[in-house]
Amino acid sequence: MKASDRYDYTSGYVDESYRPGKHDLVMEYYTEPAEGISLRRLCDLIAGESSIGTWTHISTMNPGIAKRLKPHVYHVDEKRGVIKVAYTDELFEWGNMPGILSSVAGNIFGMKAVKHLRLDDIHFPQSIMRKYHGPEGGVPGIRKLTRTKDRPLTGTIVKPKVGLTAEQHAKVAYEAWSGGLDIVKDDENLVSMSFNNFDRRMQLTLKMRDKAEKETGEKKIYLANVTAETLEMLRRAKLVHRLGGEFLMIDILTAGWAGVQSLRDFGHDHKKFLHGHRAMHGAFTRDPKQGISMLAIAKIARLIGIDTLHIGTAAIGKMAGNKDEELAMEHEIEQEHIPEDDRMHILKQDWFHIKPSMAVASGGLHPGLIPDLIKVMGKDIVAQAGGGVHGHPDGTRAGARAMREAVDAAMQGIPLKQYTKTHPALAKAVQKWGC
Ligand code: CAP
Ligand code: MG
């Protein structure tokens, strides 16, 4: 037997007496082994493949490497299939999120020994957190920018998702701002089309933003979707900056974490806020036994520096979601499968220099749903409706007014039905969609 073979690094990762230290990155997984494999054996395989190991002994390994870098599976809950692994931060390049995830959320999902694997939660040590900016403004910065305090921000997504020309897009945005909305956003799949060129859309829409601001006396925000290949994305970000936009929007999952990090660095240098759309998250988050939880995605997004992040509508709107998980992201709410205190309200929990992100509720919303939404999600949110604004019988401006009126009614504690008597735009929305 060679010296390297004497030190076992294909097993022996489980150590329930281990307590994670302040330099450990802690991952929590739900897992089920494939037939014929015990959960404890699977723990070894997961810990090894996500760090220093492979399927067999290798002559290039030495005890020094294993001693320094071997992770510890310190919690194994056989009944719930929950395991927790502590990885020393020495295993990672701290400021490189793709690199970190290639280890702890990489090959392990594809191993034959795994029947199911879901990354449920991540706890970053301070050493890693220090390498990220977090949101540029976060909740306090957004409140300051919009000069709002005690109400949710209201927004719309220009609809149809794609199809309008840049001129038509800018006009719809103007109508929405004029009707009372704070925020207008590009849809996640609106980038630079042959019929709606990005540069032209920016010029026209930001001009309309200025006009709406002048006319209403309110701060208006445009979430400009710069999602593209990274260098082109940064060029687009530069254009938005030159034209006076404050917010850049990125599809965080389709662009990838490297793109988000690059855009965040640009935002840091140019004082730009970032809006994160989570299109594609369902591919990871929807199966409760497989993939990556939205909690974990939200933590990564906040750490890198997303100011406003889609988290769902707590089952009120059109998109499938896990109400408990969404509320845990936002509020201090205990979840059965999320038992630890430090997992709660992860967009807002105290994270050293990292500011809190603002939750965005979107997907199938309309004015009639706003009071319920505020009741469950609180007032520190962006309430966003696309169809629920542009589908108003009297058009976008009336739809925007109805959204704002719904927020006003809810904040004053006046039942929506009663408020409709004196607010005709809201009345027509409620007539169409109910409340
Ligand atoms: C909403 C939306 C959002 C989804 C994303 C859409 O439009 O713009 O992208 O809500 O969902 O295109 O569907 P509507 P989530 O208001 O017309 O539904 O926030 O859950 O990621
Ligand atoms: Mg959309």
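The values are calculated or read from the model by the stated rules, or taken from the named source; none is laboratory data. Predicted, not measured: the structure shown is a model, and the values here were computed from it. We place every Cβ from the backbone using ideal geometry, glycine too, and count neighbours over all the protein chains shown. Accessible surface is based on the protein model in full, side chains and every heavy atom, while ligands, DNA and RNA are left aside. Shrake-Rupley method; radii C 1.70, N 1.55, O 1.52, S 1.80 Å.
Quick notes on this one:
- Subtracting the Cα-Cα distance of V162 and R200 from 0.36 nm times their residue separation leaves 12.2 nm of extension gain.
- Overall form of the stretch 22-93 per C-alpha gyration tensor (a/c, 1.5; a/b vs b/c): oblate
- Computed over the chain with a Gaussian network model linking Cα atoms closer than 10 Å, the most mobile of L248, L69, L45 is L69.
- Amide H within-cut-off set for H116, under 5 Å, with H built and near neighbours excluded: E32
- R404, R130, R235, ranked by accessible area, largest first (probe 1.4 Å): R130, R235, R404
- Computed lengthening from E218 to R40, 0.36 nm per intervening residue step minus Cα-Cα distance: 58.2 nm
- Each part gets one Cα centre, and for the stretch 248-285 versus the stretch 392-418 those centres are 31 Å apart.
- Debye, to nearest 20: dipole size of the stretch 12-129, +1 on Lys, Arg Cβ, -1 on Asp, Glu Cβ: 180 debye
- Estimated vicinal HN-Hα couplings, Hz - the stretch 135-140 in sequence order (Karplus 6.51, -1.76, 1.60; Gly, Pro = x): x, 5, x, x, 4, x
- Candidate residues M61, M319, M193: accessible-area rank, largest first, probe 1.4 Å: M319, M193, M61
- Carbon + sulfur, % of accessible area of the stretch 12-129 - ligands and nucleic acids excluded, 1.4 Å: 51 percent
- Three-way shape call for the stretch 285-435 based on the alpha-carbon gyration tensor, with the a/c threshold at 1.5: prolate
- Computed per residue of the chain from DSSP H runs no shorter than four, each worth -39500 (n - 2.57), the mean residue ellipticity at 222 nm is -11500 deg cm²/dmol.
- On the beta carbon distance between E232 and H268, with R0 = 30 Å, the FRET formula returns roughly 0.95.
- Gyration tensor (alpha-carbon) shape descriptor, the chain, a/c threshold 1.5: prolate
- Estimated inter-spin distance, K67 and M411, nm [label 7 Å along Cα→Cβ]: 6.2 nm
- When the chain is treated as a GNM with alpha-carbon contacts under 10 Å, the residue of A361, A283, A296 showing the greatest mean-square fluctuation is A283.
- Label-point separation, K379 to D150 (7 Å along Cα→Cβ), nm: 0.5 nm
- The chain: most fluctuating residue of K211, K84, K159 per GNM, C-alpha cutoff 10 Å: K211
- In this structure, M280 and T10 have a Cβ-Cβ separation that, at R0 = 45 Å, corresponds to a calculated FRET efficiency of about 0.85.
- Cα-projected label distance for K289 with E93, points at 7 Å along beta-carbon direction, nm: 3.7 nm
- Set K159/K289; K144/K271; K289/K348; K220/K379; K115/K323 screened for pairs whose C-alpha atoms are more than 24 Å apart: K159/K289; K289/K348; K115/K323
- Protein heavy-atom accessible surface, 1.4 Å probe, per residue over the chain: 42 Å².
- The apolar share of the surface of the stretch 131-279, taken as the fraction of accessible area on carbon and sulfur atoms (1.4 Å probe, ligands and nucleic acids excluded), comes to 54 percent.
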